[in-house]
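A quick write-up on the structure given underneath.
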């Protein structure tokens, strides 16, 4: 699974709004700069987040965006599905965008990809913005753990 830029940027901005919760609206310019997101692209993302009722915009010189729902009520799975549509790695294990495959009756690796879909969905749907925000950022050593160093393409 690989997140689209839209999902990545939306999550960055949502976590910024979780961090700024209770301090007032954050201007879109500041959200764009702080999260290294092109402002024009962010405007479209913010409209989608607003349509979901997850953020609210406040007009005026002291306006900007605030989180409009409790961070406990928004999961990473919801955000990714909004922008990417599915969490499944391939179409023949997707529920909402199922694509039949001529080999599915005999495919051996489909089982692994189904298990991956289920695990990703379980973890993403169980990860609220509040819970994830409370965690620590990933350290560089974790990314390059010796347990996975032989896994080229990870």
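General observations
- Filtered by the rule that a residue be closer than 18 Å to residue 35 by Cβ and not in a loop (DSSP other than H, G, I, E, B), region 46-69 gives 46, 47, 48, 49, 50, 55, 57, 64, 65, 66, 67.
- Residues in region 88-114 that are over 23 Å from residue 125 (Cα atoms) and out of contact with any helix residue (DSSP H, G or I) (no Cβ under 6 Å at 6 or more places or on another chain): 100, 102, 103, 105, 106, 107, 108, 109.
- Exactly one residue out of 87, 31, 14, 3 is within 13 Å of the chain's Cα centre (by Cα), farther than 15 Å from residue 129 by Cα and crowded, with 21+ Cβ neighbours inside 10 Å, and it is 87.
- Tally, over region 1-45, of residues that are within 30 Å of residue 93 (Cα to Cα) and outside any helix (DSSP H, G or I): 4
- Remark: pairs (first residue in region 84-101, at positive phi; second residue assigned to a loop (DSSP other than H, G, I, E, B) and surrounded by fewer than 12 Cβ atoms within 10 Å (Cβ to Cβ); Cβ separation under 9 Å; 6+ apart in sequence or on different chains) = 85/96; 85/97.
- Elements of type helices (runs of 4 or more DSSP H) contained in region 106-150, each with 3 or more residues being surrounded by 11 or more Cβ atoms within 10 Å (Cβ to Cβ) and free of Cβ contacts under 8 Å to residues at least 40 places away in the same chain: 110-125
Readers should treat all values here as calculations from the given coordinates under stated rules, not as data from a laboratory. Keep in mind that what you see is a predicted model, and the values were worked out from it rather than measured. Reconstructed Cβ throughout: ideal geometry from the backbone, glycine too, with neighbour counts over all protein chains shown.
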